[in-house]
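Report on the following structure.
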């Protein structure tokens, strides 16, 4: 059930990014990242305010992304629902989490590596750019691992 929920959230994020692609999203993302390096160190409330400001400015896009996420998710879950339980699928979910939420250690929590996940949160709080880079490194590592290596890495 958790894997299906994560898949739906990932689909929503991809659709929302695709809807925002043609406009000023790159400018906003770079401005947001630069502000995070200075603001997120003080508190996580700034992240909430940035998300709330985006939601106020782009409410229509978010609603459209939600509306498009529902049929896309249902179609994927019906056609590929049984494949989500396989280890390769779990590796793919870990890759998506590492790319989008790796700076928070979400992929480590998903794989059951709570200590590493908490370490990523601490790194995120101390120095955000390092946390982003570490998340992307994990995504690349998982991408080039074979299934057997990933299964043994997941247990350790």
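Counting other C-beta atoms within 10 Å, which of 146, 138 has the fewest, and how do the rest follow?
With the fewest neighbours first, 146, 138 line up as 146, 138.
Just want the ordering: 153, 69, 59, from fewest to most Cβ atoms lying within 10 Å of their own Cβ.
Going from least to most buried by this count: 59, 153, 69.
Taking 35 Å as R0, compute the FRET efficiency from the Cβ-Cβ separation of residue 56 and residue 114 and round it to 0.05.
Efficiency for this residue pair is about 0.50.
Values quoted throughout were computed directly from the atomic coordinates according to the rules given, and no laboratory measurement underlies them. Predicted, not measured: the structure shown is a model, and the values here were computed from it. Heads up, the Cβs are rebuilt from the backbone with ideal geometry, glycines too, and the neighbour counts pull from every protein chain shown.
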